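Okay, structure first, notes after.
The values are calculated or read from the model by the stated rules, or taken from the named source; none is laboratory data. Just so we're clear, the structure is a prediction, and the values are computed from it rather than from any experiment. Cβ sites come from the backbone with ideal geometry, for glycine too, and all protein chains shown count toward neighbours. The area values use the complete protein model at the heavy-atom level, side chains included, leaving out ligands, DNA and RNA. Shrake-Rupley method; radii C 1.70, N 1.55, O 1.52, S 1.80 Å.
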Amino acid sequence: MKDAPINSPLVLAGAGHAHLVLFRRWLDDGFRPPAGTVLINPGPDAWYSGMMPGLLAGRYTAADCAIALAPLCQALGIELIDDSVVALNAAGNVITLAKAGALSYQTLSINTGSRPPPPVLNDGSIDLVPAKPFAEFFQRWQLWQRGEAPARLGILGGGAAAVELALALRKSLPASDVHVFSGRALLEGHACGLMQRARNLLLARGVKLREDVYIDQLRQGQAMNGERPLQQLDALILANGAAAQSWYQDSGLMCDQSGFIRVDDTLRSTSSSDVFVAGDSAAHAGSQKSGVYSVRHGAVLARNIKAKLTGGELTAYRPQKSALALLSTADGGALVHYAGFTLSGRLIGKWKNHLDQGFMKKHRLTDAR
């Protein structure tokens, strides 16, 4: 980090959805952060999660789903650093990067997301493939596409991501047997109509679904529940929710029982006035771990970081009471539930594509690469 400042007035850690919205808001408002502001992100692009299943199903290219960060940073006068945060000392206002070492800050915004938790015991006999971060998962999928696909492929999880991944991979890896293992009912917490339509669609496509099955061990090529073997597998994709990054709890910031950083209604850490947190990284009452909530965080984050830097008054984030459930079905269609209604089909898929393309158009500047 020879060209990076020793002490940055503002460090933005991670290029998640909240920070993308923040960049767009600042550009639209004509606001420029102070000189020496840096963005730290592993890789030159931000990936839009809403289009990832479509990419795996062959409906999009990688370029369609990625937002180049360099043009955004150049327009805002922000230095882009290709690196990852591995530690934070909140008391000393210092973060540590994997490649470049320590960097101090005056204000820090964390949008580094979550990771799916692995089974408790794993002897290494089954290839574990986290669905996040997506750039790494995409590389693995490309190897599978080139003829190295596992014959028996499991997906651990029962949420929207697991459903979309199962449908997309069933289409793009036709030689693989695809198994979904859900620890609870599939799409539990969603409307019964959406749950049943998703269940029927998976079964109709040849996906083997097991519900109310908890995998806690991987031994001798078997996915297991305690001592009970469930399924012989060659690879297991982790799409089973959100676990905190390991460095959150060691940062000195107050965290919840799951290790996510506690924030107040202004998205500021409850234990440090110099730190803002958004997206999956944040533990906020009323927020869920999903892109919908991360996007909403971004607008408030843009206002409040600007207010802190300029001496303004911080505003409160109010989470929406309900969120749209919209799932890609890998064939150009989609499933949707909102306001008591569940629908599916190609028209819903076209509407989803319209929303996704609108997000990309709004947040992407001309690719300067």
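Given the options 130, 150, name the one that is farther than 21 Å from residue 328 by Cα, crowded, with 17+ Cβ neighbours inside 10 Å and not hydroxyl-bearing (Ser, Thr, Tyr). Don't jump to the end; show me each part of the working.
Values: 130 fails: farther than 21 Å from residue 328 by Cα.
Testing whether each residue is farther than 21 Å from residue 328 by Cα, crowded, with 17+ Cβ neighbours inside 10 Å and not hydroxyl-bearing (Ser, Thr, Tyr) leaves just 150.
Could you please find all residues in the range 181-195 being open to solvent by 40 Å² or more (accessible area, probe 1.4 Å) and more than 26 Å from residue 216 (Cα to Cα)? Full working, then the answer.
Filtering the range 181-195 for residues open to solvent by 40 Å² or more (accessible area, probe 1.4 Å) gives 183-184, 188-190, 192.
Across the range 181-195, the qualifying residue is only 192.
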Test result for residue 18, open to solvent by less than 10 Å² (accessible area, probe 1.4 Å), under 22 Å from residue 110 (Cβ atoms), assigned to a strand (DSSP E or B) and touching a strand residue (DSSP E or B) at 6+ places or on another chain (Cβ under 9 Å): no
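Determine whether residue 54 is farther than 23 Å from residue 223 by Cα, under 20 Å from the mean Cα position of the chain (by Cα) and part of a helix (DSSP H, G or I).
Details: farther than 23 Å from residue 223 by Cα: yes; under 20 Å from the mean Cα position of the chain (by Cα): yes; part of a helix (DSSP H, G or I): yes.
Taking the combined requirement at face value, the residue satisfies it.
Here is a yes/no grid of residues against (1) open to solvent by 10 Å² or more (accessible area, probe 1.4 Å); (2) without any contact (Cβ under 8 Å) to a residue 60 or more places away in the chain:
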site: 13; (1), (2): no, no
site: 32; (1), (2): yes, yes
site: 36; (1), (2): yes, yes
site: 49; (1), (2): yes, no
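Taking the options 61, 96, name whichever one is within 28 Å of residue 270 (Cβ to Cβ), free of Cβ contacts under 8 Å to residues at least 12 places away in the same chain and under 23 Å from the mean Cα position of the chain (by Cα). Step through it out loud before you land on a result.
Details: 61 fails: within 28 Å of residue 270 (Cβ to Cβ).
Of the residues listed, the single one that is within 28 Å of residue 270 (Cβ to Cβ), free of Cβ contacts under 8 Å to residues at least 12 places away in the same chain and under 23 Å from the mean Cα position of the chain (by Cα) is 96.
Hey, could you check the range 105-125 for residues that are touching a Pro at 6+ places or on another chain (Cβ under 9 Å) and modelled with pLDDT of 95 or more and say which is surrounded by the most Cβ atoms within 10 Å (Cβ to Cβ)?
Looking only at the range 105-125, we keep the residues that are touching a Pro at 6+ places or on another chain (Cβ under 9 Å), and these are 105-107, 113, 115-116, 118.
If we keep only those that are modelled with pLDDT of 95 or more as well, we get 105-107.
Numbers: 105: 23, 106: 15, 107: 21.
Selected residue: 105.
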Residue match in the range 331-349 (condition: touching a Pro at 6+ places or on another chain (Cβ under 8 Å), modelled with pLDDT of 95 or more and over 20 Å from residue 17 (Cβ atoms)): no
Cross-chain or 6+ apart pairs with Cβ under 6 Å, the range 320-342 first and closer than 26 Å to residue 286 by Cβ, then among the polar types (S, T, N, Q) and open to solvent by 40 Å² or more (accessible area, probe 1.4 Å): 335/344
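For (1) among the aliphatic types (A, V, I, L, M); (2) within 21 Å of the chain's Cα centre (by Cα); (3) closer than 21 Å to residue 31 by Cβ; (4) in a strand (DSSP E or B), each residue gets a yes or a no:
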position: 312; (1), (2), (3), (4): no, no, yes, no
position: 315; (1), (2), (3), (4): no, no, yes, no
position: 331; (1), (2), (3), (4): no, no, no, no
position: 343; (1), (2), (3), (4): yes, no, no, yes
position: 350; (1), (2), (3), (4): no, no, no, no
position: 356; (1), (2), (3), (4): no, yes, no, no
position: 360; (1), (2), (3), (4): yes, yes, no, no
Filter result for residue 32 (more than 21 Å from the chain's Cα centre (by Cα) and not in a strand (DSSP E or B)): yes
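To keep it simple, each residue is scored yes or no on (1) touching a Pro at 6+ places or on another chain (Cβ under 9 Å); (2) of a type in the set (Gly, Ala, Ser); (3) free of Cβ contacts under 8 Å to residues at least 24 places away in the same chain.
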position: 187; (1), (2), (3): no, no, no
position: 192; (1), (2), (3): no, no, yes
position: 200; (1), (2), (3): no, no, yes
position: 205; (1), (2), (3): no, no, no
position: 209; (1), (2), (3): no, no, no
position: 217; (1), (2), (3): yes, no, no
position: 223; (1), (2), (3): yes, yes, no
position: 235; (1), (2), (3): yes, yes, no
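Take the range 143-182 and flag every residue that is of a type outside the set (Gly, Ala, Ser) and either part of a helix (DSSP H, G or I) or in contact with a Cys (Cβ under 7 Å, 6 or more places away or on another chain) (or both).
Initial filter on the range 143-182 (of a type outside the set (Gly, Ala, Ser)): 143-146, 148, 150, 152-153, 155-156, 163-165, 167, 169-171, 173-174, 177-181.
Result: 143, 144, 145, 146, 148, 163, 164, 165, 167, 169, 170, 171.
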Of all residues in the range 201-259 being more than 30 Å from residue 344 (Cβ to Cβ), outside any loop (DSSP other than H, G, I, E, B) and in contact with a Phe, Trp or Tyr (Cβ under 6 Å, 6 or more places away or on another chain), the one that is least open to solvent (accessible area, probe 1.4 Å): 244
Scope the range 188-200; condition touching a strand residue (DSSP E or B) at 6+ places or on another chain (Cβ under 8 Å) and not in a helix (DSSP H, G or I); matching residues: 190, 191
Residue match in the range 321-329 (condition: modelled with pLDDT under 95, part of a strand (DSSP E or B) and surrounded by fewer than 19 Cβ atoms within 10 Å (Cβ to Cβ)): no
Subset of the range 104-126 [within 16 Å of the chain's Cα centre (by Cα), closer than 11 Å to residue 277 by Cα and of a type in the set (Gly, Ala, Ser)]: 113
Residue match in the range 114-121 (condition: closer than 16 Å to residue 236 by Cβ and hydroxyl-bearing (Ser, Thr, Tyr)): no
